[in-house]
Amino acid sequence: MSVETTDLLDVDDLTAGELETVLDRAAAIKAGEDDTDLTRRTLAMVFEKPSTRTRTSFETAMTRLGGHAIFLGPNDIHLGRGEPIKDTARALAGYADAIMARLFDHSAAETLATYADVPVINGLTDDAHPCQTLADLLTVREAFGGFEDVTVAWIGDGNNVAQSFVLGAALAGLDCTVTAPPAYGIDGDVLDRAAELGRSPTLVDDPETAAADADVVYTDVWVSMGEEDIRDEKLSAFDGYQVNADLLAGGDARVMHCLPAHRGEEITDDVIEDDRTLIWRQAENRLHAQAGLLVELLA
């Protein structure tokens, strides 16, 4: 099956079959079994937000595939400094074969996709992080041999990473349990979309219940970029939601975190460094998952 979508603004822009195709391609690239060449292809990478993994993984993926990536930071282009997004989109589309954008406002990514006649990939917005979900699902599939009879417990903020993961889990047929403070859960629109995909997450009231039967416990920072002004409020709200040794005691759940981690807040240092962690494989798989996506969109 080929991938028919031209943009990836959230993971459910893919069908279940297309998701499987991207993951299969990523696995083949990682194993050295796919030599697809993107020579003379260029990826324009637009960044409003700072990044470690997103920039490095996309740039490395394009280099390994024989293509070229151009980093465009907030001080490098006119985006946000007087030029409308639709003008930036059309100009970049005349130079590059695809655009990857890491932005604050999700509507800005939608505008890029509307006006650019090349594929637009959401490298993160405040609403969604589909590329992280591709890496997450690749990691789960590797660790457990598939998705059947696997349960992932999301513990913490129902943020952009959580929301894309809920949708990706629904597409993949992966059981997902979510626990978050009442004011910080998954958006109703995302829950409705997951239901339409045929697999709604199970919502529970406390971390202990979520972790009890989980094969994977997944968390992320409580205070995301741009939320520094409500840091104290969020730390108070998330008291009791830390992923620590006590929460994991009595089980053999693996642990995931999309990084960067605030060690000692949402997750403890000893859990990150424990042998049960999948965090470093998860981080590496950003490279392979995105390479698979780029090949499917551009080859």
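All of the numbers you see were taken from the coordinates with simple rules; none came from a lab. Keep in mind it's a predicted model, so treat the numbers as computed, not measured. Glycine also receives a Cβ, built like all others from the backbone with ideal geometry; neighbour counts cover every protein chain displayed.
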Among region 237-259, those whose backbone N falls under 17 Å of a label point 7 Å along Cα→Cβ from ASP269 are 243-246
Cα-based Rg and Dmax for the chain, in Å, come out at 18.6, 56
Given the candidates GLN282, THR42, PHE165, the one whose Cα lies deepest towards the positive end of the charge dipole of the chain, counting +1 at each Lys or Arg C-beta and -1 at each Asp or Glu C-beta, is THR42
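Contour minus end-to-end for THR39 and GLU227, with contour as 0.36 nm per residue of separation and end-to-end as the Cα-Cα distance? Don't jump to the answer; show the numbers that get you there.
Details: separation 188, 0.36 × 188 = 67.68 nm, distance 4.01 nm.
Length gained between THR39 and GLU227: 63.7 nm.
Explain nothing, just the number: relative contact order of the chain, from Cα pairs under 8 Å at least 6 residues apart, as a whole percent. It would help to have the intermediate numbers written out before the result.
On the way: 591 pairs, mean separation 63.0, N = 299.
Normalised by residue count, the contact order of the chain is 21 percent.
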Taking only C-alpha positions in region 17-149, Rg and Dmax in angstrom work out to 15.7, 51
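In a shell of Cβ-Cβ distance under 10 Å around LEU43, excluding LEU43 itself, what net charge do Lys and Arg (+1) and Asp and Glu (-1) give?
-1
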For the pair LEU259 and TRP280, the simple spin-label estimate (label points 7 Å beyond Cα toward Cβ) gives in nm 1.0
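Using the Kirkwood formula on the Cα atoms of region 132-282, what hydrodynamic radius do you get, in angstrom to one decimal? Let's see the in-between values first.
Values: mean 1/r = 0.0657 Å⁻¹.
Taking every pair of different Cα atoms in region 132-282, averaging 1/r and inverting gives 15.2 Å.
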Restricting to lysines and to Cα separations under 30 Å from LYS234, and discarding same-chain partners fewer than 8 apart, the set is LYS49
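What trypsin sites (Lys or Arg not before Pro) in region 1-87 are in a loop by DSSP, with at most 12 other Cβ atoms within 10 Å of the Cβ? If you can, show how the numbers build up before the last one.
Working: sites: ARG25, LYS30, ARG40, ARG41, ARG53, ARG55, ARG64, ARG81, LYS86; in loops: ARG40, ARG41, ARG81.
Passing both the DSSP loop test and the Cβ count: ARG40, ARG81.
Within region 23-75, list the GluC sites (Glu not before Pro) lying in a DSSP loop whose Cβ has at most 16 other Cβ atoms in a 10 Å radius.
Values: sites: GLU33, GLU48, GLU59; in loops: GLU33, GLU48.
For GluC sites (Glu not before Pro) across region 23-75 that sit outside H, G, I, E and B with at most 16 neighbouring Cβ atoms in 10 Å, the list reads GLU33.
For region 127-251, what is the relative contact order in percent, using Cα pairs closer than 8 Å and at least 6 residues apart in sequence? If you can, show how the numbers build up before the last one.
Numbers: 196 pairs, mean separation 34.3, N = 125.
Answer for region 127-251 is 27 percent.
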